[in-house]
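> Starting off with a structure, shown below.
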Amino acid sequence: MKITETVIDFVQLSQAEKHIQFQKIWEFDHLIFPNSTIEQLYSYIYDVSAVSIPIVHYFHRGKLVGQNIIPILKLQLEGEPVFVISSRAGFLTEYRRRNLSLNSAIRIALGFKLRHPATPLWFVTTLMQPKVYTLFASRSMHFYPRVGRVMPKQHAEVLYMMQHHRIEAQVRGDNIFVHACDMPKVTPEQLVRLRNRADSHNQFFLQHVPDYFDGMGLMCVSKLDIVTICETIFNLAIGRKVR
């Protein structure tokens, strides 16, 4: 199955172009997340801290099948500038068993890091499915929170900063934050299939977010230095998993 991609930077568009693109983005986003509101999407895309917002569209035979919104924010942590990247990805049901959103996010992160090598780049996302959490946690030892490892102090500080930047989260343990998310359109049977109780990453997620069925998600963080990015790319390429 050949999937093609197009990428635009929403920040670089004119006001007229932003209006046109936002309507298209909203139409597809609402198709995937039917319970979301246009106000929620607007505040996500029009964040005043954003220095770049790559929008990746995925096509199969000319049909739009997926979308990934990747804001890159410039914030202050203990008086020093940091960049924080996040992701809001959605795909039509029959295209959800691929690593498309992770692959494109890594490419964008690597390109941005190479252009801004001196400023720390962080990835902060909220994951609401055990299978997706496992995909991220099993490809990098530096993806937190995770089973069997204490979160480094700086990672915890970034997570705490973002928890206050956008949402009010529940605390369910040391550096364990969860909050309500927009759920994609799935059936209960599909949600059950997202679990694999034999996997330690799945077990960790289910321990802290047993109510993911109700739309709760786990806030996660990783520092995107060159070593971590290359580690993730390598593990994805060869199908290697880490504990």
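> Which links in LYS74/LYS223; LYS2/LYS223; LYS74/LYS153; LYS74/LYS241; LYS74/LYS185; LYS18/LYS63 stretch past 24 Å when you go from one Cα to the other?
Going by Cα-Cα distance, LYS2/LYS223; LYS74/LYS241; LYS74/LYS185 fall outside the 24 Å limit.
> For the stretch 1-48, just the Cα set please: Rg and Dmax, both in angstrom.
In Å, with Rg to one decimal and Dmax whole: 12.2, 38.
> Can you give the accessible area of ARG240 in Å² (nearest 10), computed on protein heavy atoms with a 1.4 Å probe?
Counting only protein heavy atoms, the figure is 120 Å².
> With only Lys, Arg, Asp and Glu charged, each at its Cβ (+1 for the first two, -1 for the last two), find how big the charge dipole of the chain is about the Cα centre; round to the nearest 20 debye.
The dipole magnitude comes to about 1020 debye.
> Just one of [x] 21; [y] 44; [z] 18 is percent of Cα pairs over 30 Å apart as worked out from the coordinates here. Which one is it?
This structure yields the entry labelled [x].
> In addition: With a 1.4 Å probe and all protein chains in place, put GLU80, GLU231 in order of accessible area, largest first.
GLU80, GLU231
The values are calculated or read from the model by the stated rules, or taken from the named source; none is laboratory data. For clarity, every value in this text was computed on a predicted model and none was experimentally measured. We place every Cβ from the backbone using ideal geometry, glycine too, and count neighbours over all the protein chains shown. To get the accessible areas, we keep the full protein, side chains included, count just its heavy atoms, and leave off ligands, DNA and RNA. Shrake-Rupley method; radii C 1.70, N 1.55, O 1.52, S 1.80 Å.
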